[in-house]
Every structure is written in C-alpha cells, then in structure tokens.
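For reference, the structure is listed below as structure tokens.
Please treat every number below as a calculation from the coordinates, not as lab data. As the structure is a computational prediction, the values presented were derived from the model and not from experiment. With ideal geometry, Cβ positions are generated from the backbone for all residues, glycine too; neighbour counts draw on all protein chains shown.
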Amino acid sequence: MTDDLQQYLVPQEPYYRAVDDEVSLFEAAYAAKMPVMLKGPTGCGKTRFVEYMAWKLGKPLVTVACNEDMTASDLVGRYLLDADGTRWQDGPLTFAARHGAICYLDEIVEARQDTTVVIHPLTDNRRVLPLEKKGELLRAHEDFHLVISYNPGYQSLMKDLKQSTKQRFGALDFSYPKHGVEVEIVAHEAGVDSAAADKLVSIAERARNLKGHGLDEGISTRMLIHAGSLMARGIAAPAACEMALVSPITDDPDMRDALDAAVGTYF
Ligand SMILES: Nc1ncnc2c1ncn2[C@@H]1O[C@H](COP(=O)(O)OP(=O)(O)O)[C@@H](O)[C@H]1O
Ligand SMILES: [Mg+2]
C-alpha cells in the first residue's frame with residue numbers, strides 16, 4: 001500500500017456499539033460490491049459506523065463532507081497549473097476508486113443533483129468513472145466501495161436524492177439506539193456513570209417526542225455525549241443540559257420551556 005493510501009487507514013479500532021445486524025449486512029454488501037446508503041438523523045452514529053467498518057475491513061477511508069458549492073470536479077479531479085505546466089490531480093472519489101478505498105460521501109443531499117450523478121457509473125456493474133477532461137475511463141479497484149449518508153428529515157422537493165440515485169444503493173436505517181444501548185454509548189463516550197447517562201437518555205426520549213411539534217430534529221446521541229462530557233468535567237447537570245441539549249436546538253421560548261421541563265424532571 002502506498003503512503004498516500006496508508007494515511008487513510010483507520011489506525012485504531014473505533015468504539016462502535018452495534019445496535020442491530022448492521023455490521024454483518026455491511027460486510028455482505030461490501031463483498032457483493034453493493035454501494036451502501038446510511039439513512040438517519042444527525043448524530044446517531046453513521047460516521048462512527050463507517051469508520052468502524054473501514055477499520056474492521058482494513059480498508060482506507062476517504063470522507064467527503066458534501067455541500068452545495070461542491071462541483072463534480074471537486075469529487076472527480078481537475079488539472080492544476082504549476083511551474084511545469086498543467087498536472088492532473090485526482091479528486092477524492094477518483095482517488096478512492098483508483099486505489100481501492102472506501103469513499104464516504106457524507107450528507108450527499110447537500111450536493112447539487114448534477115454533482116451527484118457523477119457517481120452513477122461507479123454504482124452499477126460497470127464500476128467505472130469517466131474522467132472526461134483527462135480522457136480516461138477509470139475502472140474502479142476491486143476494493144473500492146461507495147458509502148453515502150443521507151438524513152431523510154431534511155428532505156424537501158429541492159433537496160432529495162433522485163430515485164435514479166437512490167435505487168443504486170442498499171440502505172441501512174439508523175435511528176437513535178434503544179434506551180439501554182444509548183445509555184451504554186453515552187456513558188462510554190462521555191465518561192459519566194450509567195445512572196447519569198440513563199437520565200440524559202430519558203430527557204432525549206421526551207424531547208424526541210416533540211419532533212414535528214416545533215422541533216425539527218430530536219436531541220441526538222451526540223448532544224447527550226456533549227452534556228455528559230460537561231458533567232464529567234464538574235459542570236452541574238442543569239447547566240450542562242442547558243448548554244448542550246436545550247440552547248443548540250431551539251430559539252423558541254415555549255420550546256425552551258418544554259425542554260427545560262424535561263431536564264427538570266430528571267435533574
Ligand atoms: N452505535 C454507536 N456506537 C458508538 N458510538 C456511537 C454510536 N452511535 C453514536 N455514537 C456516538 O455519537 C457520536 C455522534 O455520532 P456520529 O457517527 O458522528 O453521527 P452521524 O454521523 O450519524 O451524524 C459519535 O462520535 C459517537 O461518540
Ligand atoms: Mg456524520
């Protein structure tokens with residue numbers, strides 16, 4: 001493996017608490033060369049899962065945070081000007097396809113649809129990537145695998161994946177883990193005891209019921225870990241919850257009261 005590629009290996013086993021049979025499903029999809037879509041709200045373990053799978057499979061992981069200013073060239077590559085003239089530089093997608101890495105396109109819906117279509121020829125049987133500007137038809141490496149993440153909650157007509165894109169993937173649904181599992185995760189990641197983690201998860205469960213009734217998105221596992229991390233550093237629970245759970249997700253005074261009440265029930 002070249003140094004270029006080596007730097008994308010995940011060095012240590014990431015802590016990942018499996019919630020269902022997602023590990024074996026992903027392994028089978030990888031073996032079958034089936035691209036994978038991770039669906040679910042923000043902060044529920046999608047990125048951690050893909051890091052863990054890359055480590056488990058021993059494959060390099062190239063991650064791209066998608067955004068609306070991203071162009072197809074940002075993914076595929078472009079000619080750069082330097083002292084010796086022009087030089088082609090592979091974009092992250094091309095790099096992963098050429099050398100056999102897992103390419104993770106995080107929050108794919110943020111990218112414009114004309115950008116998204118460049119992945120199509122890589123996701124069917126051909127597994128090729130046409131580099132039009134370079135005049136090269138790149139055949140993907142055996143080990144190349146494409147993973148995308150997608151938050152259906154943000155879905156709008158303007159910002160949804162085309163059916164022609166979606167149908168190329170096998171999908172794994174992520175949501176907030178079951179109570180006991182989430183307690184374990186929060187305790188492990190934040191360094192709080194399970195009694196405190198249990199209360200944090202209970203607050204989140206109440207808040208998640210408010211989703212759609214004034215809250216766009218529930219309190220995520222990530223936010224609970226933030227609150228727990230403050231508590232583990234000596235911050236009193238109510239202040240930690242205010243900073244990490246309540247303030248970040250709403251500006252609405254009534255909603256804040258509702259969330260404060262949920263916090264007050266447990267702390
Ligand atoms: N199943 C899990 N096992 C271990 N840690 C998890 C799990 N789910 C969530 N986490 C924790 O929550 C944090 C946020 O998860 P992340 O993977 O970044 O979310 P997403 O990519 O879905 O937005 C992670 O950094 C990790 O600490
Ligand atoms: Mg993520």
(request) Please state the charge dipole magnitude for the stretch 179-266, taken about the Cα centre, from unit charges on C-beta atoms (+1 on K and R, -1 on D and E), reported in debye and rounded to the nearest 20. (result) 140
(request) About the Cα centre of the chain, how large is the charge dipole given +1 on each Lys and Arg Cβ and -1 on each Asp and Glu Cβ? Please answer in debye to the nearest 20. (result) 680
(message) Can you tell me what share of the DSSP beta bridges in the chain is antiparallel? A percent to the nearest 5 is fine.
(response) 35
(message) I'd like the distance separating the alpha-carbon centroids of the stretch 3-52 and the stretch 99-137, in whole Å.
(response) 19
(message) Counting only Cα atoms, I'd like the Rg/Rh figure for the chain, Kirkwood definition for Rh.
(response) 1.03
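How about the stretch 151-222: which trypsin sites (Lys or Arg not before Pro) there lie in a loop by DSSP and see at most 16 other Cβ atoms within 10 Å?
On the way: sites: Lys159, Lys162, Lys166, Arg168, Lys178, Lys199, Arg206, Arg208, Lys211, Arg222; in loops: Lys159, Lys162, Arg168, Lys178.
Here the sparse-neighbourhood loop sites are Lys159, Lys162, Lys178.
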(message) Can you find, among Asn125, His99, Met255, the residue sitting farthest towards the positive end of the charge dipole of the chain, where Lys and Arg contribute +1 and Asp and Glu -1 at Cβ?
(response) Asn125
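Given contacts defined as C-alpha pairs under 8 Å and at least six residues apart, what's the relative contact order of the chain, whole-number percent?
Numbers: 429 pairs, mean separation 51.1, N = 267.
It rounds to 19 percent for the chain.
Nearest 500 deg cm²/dmol is fine: what mean residue ellipticity at 222 nm does the chain get from its DSSP H runs of n ≥ 4 alone, each adding -39,500 (n - 2.57), divided by its residue count?
On the way: 12 runs with 105 residues, N = 267.
Computed mean residue ellipticity for the chain: -11000 deg cm²/dmol.
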(message) Whole-Hz ³J(HN,Hα) for each residue in the stretch 99-106, computed from phi via Karplus 6.51 cos²θ - 1.76 cosθ + 1.60 with θ = phi - 60°, x for glycine and proline: what do you get?
(response) 9, x, 10, 7, 9, 10, 8, 7
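Quick one: compute the contact order of the stretch 179-266, relative version, from alpha carbon pairs under 8 angstrom and 6+ residues apart, as a percent.
Details: 97 pairs, mean separation 25.5, N = 88.
For the stretch 179-266, the relative contact order is 29 percent.
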